[in-house]
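Laboratory data are not the source of any read-out in this text; all were calculated from the coordinates shown. Given the structure is predicted, the values throughout are model-derived calculations rather than measurements. We place every Cβ from the backbone using ideal geometry, glycine too, and count neighbours over all the protein chains shown.
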Amino acid sequence: MSRPHQVSSATRNDSESSRGRNAASVEEAAPISASAVAPPVDRDEPSKPRVPPSAPAAPAAMDYDYTNFYSGSSDDPFALLAPFDDWWAEAEPAGYYLFELPIGTAPSTRVSVRDTLTGEVRRELVNFASYNYLGLSYRREVVDAIKDAAEKFGGGASGSPVLSGNTELHEALRRGIADFKGTEDSLIFPTGFSANVGAIAGLMRLGDYVVADQYAHASIVDGMILSKAHARFFRHNRVDDLEAKLKRTKGKKLVTVEGVYSMDGDVAPIPEIIEVCRKYGARLLVDEAHSAFLYGENGKGVVETFGVEDEVDIHVGTFSKSLGGQGGYVAGDRRLCNYLRGFSRPRTFSCALSPVVVAGLLKALELVRDEPELRKKLWDNVDYMRGLLAEAEVPVGESTSQVIPIMVRDDARTFSMGEEIFRRGVYINPVRYPAVGKHKSRFRMSISAAHSREELKEGADVIIDVLRKYGICP
Ligand SMILES: Cc1ncc(COP(=O)(O)O)c(C=O)c1O
């Protein structure tokens with residue numbers, strides 16, 4: 001078994017990689033207009049659901065999903081509300097209620113969650129649902145920094161970063177991120193989502209080309225749409241297909257990939273991607289939402305693991321995952337940041353991050369620098385969990401990271417299993433279209449450095465037991 005932080009540069013050639021959230025676009029040779037990118041739908045053959053013959057029939061509502069309510073023929077923009085509402089009345093209690101469950105505690109390794117179906121509060125659930133990979137969101141030092149900043153600055157920034165919203169704390173974070181990533185400068189955004197949108201739409205124009213991995217996060221896809229550039233998607237992690245797509249472009253080109261893919265937990269072959277970008281004169285954006293502060297000797301990200309941090313043009317990341325806060329960044333050379341300061345509309349025309357949040361982020365960044373043992377603990381935990389799942393033959397796709405998908409490929413069964421896992425004391429999110437391709441439903445497990453071995457074992461035992469019951473593993 002490979003260690004999670006040992007990234008493989010091998011490209012993949014399996015059938016799974018050809019069917020993703022943007023697979024429809026991957027298949028099409030003709031130029032794709034921005035409107036054809038949304039919503040991404042799989043058009044290729046669905047993977048065969050692993051449903052045991054004895055399993056109970058799924059409610060009829062499960063034959064539908066959001067795609068059935070995306071567009072209609074009426075002239076009234078409200079025409080789809082009533083049919084959607086009717087469907088939702090049936091679909092929500094059949095499993096969709098598992099989304100947006102109110103949590104009553106910090107996103108720690110144990111959480112209290114209100115079961116909106118029964119009204120009960122389920123306490124001390126082992127938590128595999130939060131992105132708090134280093135357990136920093138509730139660390140005492142972070143909370144104290146937040147309290148101090150609230151005393152000094154109050155609740156909000158009360159202005160755009162280009163006007164009155166830029167405090168000394170924001171400046172310190174801007175410099176701190178550039179320093180950490182080893183770039184000339186950085187720009188702070190209200191969210192990781194807006195960092196991608198701001199970078200892509202800030203830089204690319206009508207007639208240019210943005211070429212993304214087919215599993216690109218929605219924020220990358222929305223950046224492409226907003227930029228009005230031609231959108232192209234290459235097969236997931238397939239450098240040969242990226243090259244084929246780049247060959248058919250001319251003019252300005254930007255390639256966008258993720259360090260660790262958010263729903264699959266696998267790593268992009270960045271060195272090979274850099275090579276192809278160079279060959280075709282394309283710039284490269286790497287979104288390290290799920291890998292910055294975790295990968296590499298100093299936590300700079302997957303680019304550090306590969307030793308290519310200076311060869312990437314645009315580094316994007318978020319503060320909402322490993323740093324346990326909120327916001328996003330773009331890091332790169334001074335002129336890039338200076339240009340985007342002028343042209344990134346989601347940053348310019350949105351209030352700056354709350355100084356309270358920024359103070360927590362500065363402390364979290366300090367802890368990442370000062371406590372490399374946090375990363376070691378995380379990877380030990382990931383190894384341990386991967387061992388438990390492998391022993392039980394749980395299908396985890398190509399994941400090598402702290403993001404571990406548990407593949408089910410059947411919405412109704414995913415929800416039924418999700419209910420049972422939840423009632424038996426484990427909090428893990430079901431994931432389905434549009435977060436992943438159709439018929440690619442799964443559970444998405446997030447491992448944290450803060451988990452104890454006992455919590456990992458307790459949670460794994462429950463999950464494996466339920467998976468066995470439903471025939472997902474032997
Ligand atoms: C790959 C990727 N990029 C960007 C984002 C957006 O980050 P944020 O939630 O901080 O806005 C996410 C969020 O899940 C993500 O997974």
TODO: Compare the Cα positions of ASN127, LEU389, GLY342 along the charge dipole of the chain (+1 at Cβ of Lys, Arg; -1 at Cβ of Asp, Glu; about the Cα centre) and return the one farthest towards the positive end.
DONE: GLY342
Open item on the list: Run the reach check for LYS250 against lysines, Cα to Cα strictly under 21 Å, same-chain hits fewer than 8 apart removed. What comes back?
Closed with: LYS228, LYS279
Task: region 77-101 and region 388-407: distance between their alpha carbon centers, rounded to Å - done: 31 Å
Open item on the list: Students often forget the sequence filter, so: which lysines lie under 27 Å Cα-Cα from LYS152 once same-chain residues fewer than 8 apart are removed?
Closed with: LYS321, LYS363
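Tally the DSSP beta bridges in the chain and give the antiparallel ones as a percent, rounded to 5.
On the way: 23 of 42 bridges.
Counting DSSP beta bridges with both partners in the chain, the antiparallel share is about 55 percent.
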TODO: Kindly identify region 72-209 as rounded, prolate or oblate by the Cα gyration tensor criterion: order the square roots of the eigenvalues as a ≥ b ≥ c, call it rounded if a/c is under 1.5, otherwise compare a/b with b/c, prolate if a/b is larger, else oblate.
DONE: oblate
- [ ] Evaluate the distance, in nm, between pseudo-label points positioned 7 Å from the Cα of ARG278 and of ASP370 along their respective Cα→Cβ axes.
- [x] 4.0 nm
- [ ] Using packing as a proxy for protection, rank 346-353, 313-320, 101-108 so that the peptide with the highest average count of other Cβ atoms within 10 Å comes first.
- [x] 313-320, 346-353, 101-108
Open item on the list: Suppose only helical runs count, i.e. DSSP H with n ≥ 4. What mean residue ellipticity at 222 nm does that imply for the chain under -39500 (n - 2.57) per run, divided by all residues and rounded to the nearest 500 deg cm²/dmol?
Closed with: -11000 deg cm²/dmol
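Based on DSSP, what percent of beta bridges with both residues in region 139-370 are antiparallel, to the nearest 5?
Numbers: 10 of 27 bridges.
Roughly 35 percent of the DSSP beta bridges within region 139-370 come out antiparallel.
Using alpha-carbon pairs under 8 Å, 6+ residues apart, how would you state the relative contact order of region 139-370 in percent?
Details: 492 pairs, mean separation 72.2, N = 232.
Across region 139-370, relative contact order equals 31 percent.
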- [ ] Go through ILE314, ALA268, SER227 and say which Cα lies farthest out towards the positive end of the charge dipole of region 212-321; charges sit on Cβ, +1 for Lys and Arg, -1 for Asp and Glu.
- [x] SER227
Task: Stretch in the chain that is longest and holds no GluC sites (Glu not before Pro) that DSSP places in a loop and that have at most 13 other beta carbons within 10 Å - done: 121-296
TODO: Kindly put LEU136, LEU365 in sequence by how many other C-beta atoms sit within 10 Å of each C-beta, fewest to most.
DONE: LEU365, LEU136
Task: region 178-252 versus region 422-474: alpha-carbon centroid distance in Å - done: 31 Å
